[in-house]
Amino acid sequence: MRLVTWNIHGGLGRDGRYDLGRIAALLEEMRCDVAALQEVGDPHRTDRGSEVADHAAWLGRRLGWFAAYGPNLVLSGRPYGNAILSRYPIERAQNYDLSVRGREPRGCLRADLDLPDGRSLHLFDLHLGLSGGERRRQAAMLLSADLLRDTALTAPMVVCGDFNLWSPLPGPILRLLRSHLRDAAVERRARRATYPSLWPLLRLDRAYVDDGVEILACGVVNDPRTRMASDHLPLWVELEPRHSMQPLAAQKVGA
């Protein structure tokens, strides 16, 4: 199974063009089975009218895949947030609010995927905040009994998206995540930088898995078209989910 996580910048490329068709074509060329996308929607641009009201649904129809959308804000009637597109049926989808007061609304979209051979996968697609304090509070929300430590989560788990980690040094959120999950790029010693797309230096986009998932390969799609399509490059992971397992142990996590 190939997963791609990608911040698509609302479909706005570095060439100044809004082009969802370009995003869909690139996802097809990546031969992924599941795409976890961030910055899906276009709440700040008003001159297109109702050309594309729901970017997630449009991409799902274009690809012929199942789609789940987790809007975190709506401006001028236009939603904006995270989306999961999947070749496999989505049994359940739920959007979790990770917003911190006084900061831009943020969220984490969960999709439970119905995989072949009777397997399932819990996929979490998130976009964290820009400040360190904001991300620390969001890490506490993520690793709470309401989200990643929900005892009802018995299938293998993948957590991916735009973590907005600008420092190369491990901070509190990384220490919390690494105490429970494995970093796909680190485990496979893969290329990691995804931002900015023209000259990638930073690891803003990441994928973590629990012990129910085998990581087969990982990398960044860095070519002229992906560098133009968004300000982030896509990260891909080849993975093999196993059958259901025990949920993460419940622990208290400080903010």
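The values are calculated or read from the model by the stated rules, or taken from the named source; none is laboratory data. If you're wondering where the values come from, they're calculated on a predicted model, not measured in any experiment. Using ideal geometry, Cβ is built from the backbone for each residue, glycine included, and neighbour counts are taken over all protein chains shown.
For segment 152-182: of the residues being in a loop (DSSP other than H, G, I, E, B) and touching a residue at least 60 places away in the same chain (Cβ under 8 Å), which is surrounded by the fewest Cβ atoms within 10 Å (Cβ to Cβ)? Talk me through it step by step, then tell me what you get.
Residues of segment 152-182 in a loop (DSSP other than H, G, I, E, B): 152-156, 163-171, 179-181.
Then keep just the ones that are touching a residue at least 60 places away in the same chain (Cβ under 8 Å); that gives 152-156, 180.
Numbers: Ala152: 7, Leu153: 20, Thr154: 15, Ala155: 23, Pro156: 25, His180: 19.
Filtering first and then ranking leaves Ala152.
Starting from residues that are among the charged types (D, E, K, R), touching a strand residue (DSSP E or B) at 6+ places or on another chain (Cβ under 6 Å) and free of Cβ contacts under 8 Å to residues at least 40 places away in the same chain, keep the ones in segment 189-218 and report whichever is nearest to Ala140 (Cα to Cα).
From segment 189-218, those among the charged types (D, E, K, R) are 189, 191-192, 203, 205-206, 210-211, 214; that's our starting set.
From what is left, the residues that are touching a strand residue (DSSP E or B) at 6+ places or on another chain (Cβ under 6 Å) are 191, 205, 210, 214.
With free of Cβ contacts under 8 Å to residues at least 40 places away in the same chain added as a condition, the list becomes 191, 214.
Values: Arg191: 28, Glu214: 26 Å.
It comes out as Glu214.
This table checks each residue for (1) under 23 Å from Gly16 (Cα atoms); (2) touching a Lys or Arg at 6+ places or on another chain (Cβ under 8 Å); (3) among the hydrophobic types (A, V, I, L, M, F, W, C); (4) at pLDDT 95 or above.
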site	(1), (2), (3), (4)
Trp166	no, no, yes, no
Gly171	no, yes, no, no
Ser179	no, no, no, no
Thr226	yes, no, no, yes
Pro234	yes, no, no, yes
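Condition test on Leu148, is it under 16 Å from the mean Cα position of the chain (by Cα), in contact (Cβ under 8 Å) with a residue 60 or more places away in the chain and in a loop (DSSP other than H, G, I, E, B)? Working first, answer last.
Values: under 16 Å from the mean Cα position of the chain (by Cα): yes; in contact (Cβ under 8 Å) with a residue 60 or more places away in the chain: yes; in a loop (DSSP other than H, G, I, E, B): yes.
So Leu148 fits the description; yes.
Let me confirm something: among Arg149, Arg106, which residue is among the basic types (Lys, Arg), surrounded by 22 or more Cβ atoms within 10 Å (Cβ to Cβ) and more than 24 Å from Arg31 (Cβ to Cβ)?
Working: Arg149 fails: surrounded by 22 or more Cβ atoms within 10 Å (Cβ to Cβ).
Just a single option satisfies the conditions, and that option is Arg106.
Given segment 1-110, what strands (runs of 3 or more DSSP E) lie entirely inside it while holding 1 or more residues that are closer than 24 Å to Asn222 by Cα and touching a Cys at 6+ places or on another chain (Cβ under 8 Å)?
On the way: elements: 2-7, 34-41, 66-75, 78-86, 90-97.
Because the criterion is at least 1 residues that are closer than 24 Å to Asn222 by Cα and touching a Cys at 6+ places or on another chain (Cβ under 8 Å), the strands (runs of 3 or more DSSP E) in segment 1-110 that meet it are 2-7, 34-41, 78-86.
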